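The values are calculated or read from the model by the stated rules, or taken from the named source; none is laboratory data. Model, not experiment: these values are computed from the prediction. Please note: Cβ atoms are built from the backbone with ideal geometry, for glycine as well, and neighbour counts cover all protein chains shown.
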Amino acid sequence: MNESGQAVAPLMRRYEVEPGELVVIHDELDFDLAKVKLKVGGGLAGNNGLRSIKAHCKTDAFLRVRIGIGKPPSKEQGSNHVLNPFSKSDRPIVDSAIETAADAVEAILVDGIDAAMLRFHSV
């Protein structure tokens, strides 16, 4: 995941995908568990996968579907928090968020990012 840009950039070139057509789904430490939000471009919030995509694609103007995973107790526990599996009790909540994220991607493709943001941010 940390080197996603190595695969994303050549695929974008091959299929002539513009940055505004690329949808990246990723975890978001700054959101409560299972919160789903959409975004166009912006900062990387320490996400190495996003950093790689930005570096290889030479832009951050891609679309994002962010799924909250909550903050770890301390910054030092960040990588463990991101890499460890979800607890058994959190799994149903996360599964529901993944379904919501998939619906958000479909809405982006059908209705565009602005309409999708309006729909999913008002929930």
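List of remarks:
- Residue match in region 61-74 (condition: free of Cβ contacts under 8 Å to residues at least 40 places away in the same chain and within 13 Å of Leu29 (Cα to Cα)): yes
- Filter result for Val105 (modelled with pLDDT of 95 or more and of a type outside the set (Gly, Ala, Ser)): yes
- Of all residues in region 30-79 being touching a Pro at 6+ places or on another chain (Cβ under 7 Å) and not hydrophobic (A, V, I, L, M, F, W, C), the one that is nearest to Ala116 (Cα to Cα): Thr59
- Filtered residues of region 80-110 (kept if of a type in the set (Asp, Glu), in a helix (DSSP H, G or I) and surrounded by 13 or more Cβ atoms within 10 Å (Cβ to Cβ)): Asp103
- Within region 69-79, the set of residues being surrounded by fewer than 10 Cβ atoms within 10 Å (Cβ to Cβ) and among the polar types (S, T, N, Q) comprises Ser74 only.
- Within region 59-90, considering residues that are among the basic types (Lys, Arg) and modelled with pLDDT of 95 or more, the one nearest to Ser122 (Cα to Cα): Arg66
- Asp90 meets the conditions (1) under 14 Å from the mean Cα position of the chain (by Cα); (2) over 22 Å from Gly112 (Cα atoms) in every case but one. The failed one is (1).
- Scanning region 111-123 for residues that are aliphatic (A, V, I, L, M) and either in a loop (DSSP other than H, G, I, E, B) or modelled with pLDDT under 95 (or both) yields a total of 1.
- Looking across region 75-94, the residues that are among the charged types (D, E, K, R) and within 16 Å of Phe31 (Cα to Cα) come down to Lys75, Asp90.
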